[in-house]
1. Looking at the range 5-62, which GluC sites (Glu not before Pro) are in a loop (DSSP not H, G, I, E or B) and have at most 13 other Cβ atoms within 10 Å?
2. Take the eigenvalues of the Cα gyration tensor for the range 217-299, scale each by 5, and report the square roots as semi-axes in whole Å, largest first.
3. Among DSSP bridges having both ends in the chain, what percentage is antiparallel? Round to the nearest 5.
4. Work out, in µm²/s and without decimals, the Stokes-Einstein translational diffusion coefficient of the range 32-143 at 25 °C, 0.890 mPa s, Rh from Kirkwood over C-alpha pairs.
5. If you put +1 on each Lys and Arg Cβ and -1 on each Asp and Glu Cβ, how big is the dipole of the range 5-215 around its Cα centre, in Debye rounded to 20?
6. Which trypsin sites (Lys or Arg not before Pro) in the range 27-116 pass both tests, a DSSP loop state and at most 12 other beta-carbon atoms within 10 Å?
7. Rounded to the nearest Å, what's the spacing between the alpha carbon centres of the range 131-159 and the range 24-65? Just the number, please.
8. As I understand it, the value is the acute angle between the Cα axis of helix 278-288 and the longest principal axis of the Cα atoms of the chain; what does it come to in degrees, rounded to 10?
Amino acid sequence: MQNSVSIIIPNWNGQQLLQKHLPHVIEAAPEAQIIVVDDHSSDNSVSFLRQTFPQVVIVEKEKRDGFAGTVNAGVARSTADIVVLLNTDVAPKKDFLIPLLQHFSDASVFAVGCLDVSHEVDGIVLRGRGVAHWKKGYFIHSRGEVDRNDTAWVSGGSGAFRRSMWNTLGGMDTLYNPFYWEDIDLSYRARKAGWKTIFEPKSQVDHFHEEGNIKKTFSKKDVKRIAFRNQFIFIWKNCTDFKILFEHVFWTPIRILQEMVKGDFCMAQGWCMALLKLPKIIVKKIKQAQYYRIPDLQTV
């Protein structure tokens, strides 16, 4: 039985990006339902879509809350077996869906990531496969070489997800709004549940990172503070290994002090921002624990 597919594109003030890249999405996946979720844009994104791409389903949000909430709204609108997430600055190659969908014949597969041909300041970098490990109480993640099919997470900017499993896990966690760590978190929870995340190098997309709205809208310090905040949220919410948590408690003050000595207060500020969310983090931690089957050190 062939899987039905919805392509979900979160958008915020991305009219120019939609104009540039959405035709490539339609051409690459003519049979897929395309859903654009608008995160309360202040530009003409919605009217542009209605006039130019009447075949696209538009979900309008009444207020802006960030990436996770926007993607969740798109998945809620879909009835497809598989949801494919693409950023507005992504242009998929022709037939990119075919190798992605083949993996879902395995019922234990949660998500499959694309080969991300990333166009950056210093040239093209091949991304899409992630590697990670726990060290001194922190989840260290980085780009992996694209010569293997295993991956620690599937990117929310170019990846396919089984919608039934997505719904079981509750989708992306809005604690991470406005951005960063939400796809790592979702993949980690899926892997702790015993499900697979896979990287597929034959499924390729061009990703024009420098065109994205984050760098245009937020300062480098804002981005750094949010990234630190979300790193703490990830650890506090997902880790259940006593040794890792003990190391985290031990090393965190040292790391924060080291950053402050260098004149960088972003980590300390991120810790404080995460601390304000601690009650919600604890509630989420208790709720999601029912799905865990794999220990933390075996998840990566």
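1. Filter output for the range 5-62: Glu31, Glu62.
2. Square roots of five times the eigenvalues give 25, 16, 11 Å.
3. Once the DSSP bridges in the chain are tallied, antiparallel ones form about 50 percent.
4. 145 µm²/s
5. Approximately 560 debye in magnitude.
6. Lys63, Lys94
7. Result: 30 Å between the Cα centres.
8. Compared with the principal axis, the helix lies near 70 degrees.
Only the coordinates and a few stated rules stand behind these numbers; no lab work does. Just so it is clear, the model here is predicted, and its values are computed rather than measured. Here Cβ is always computed from backbone atoms with ideal geometry, including for glycine, and neighbour counts include all displayed protein chains.
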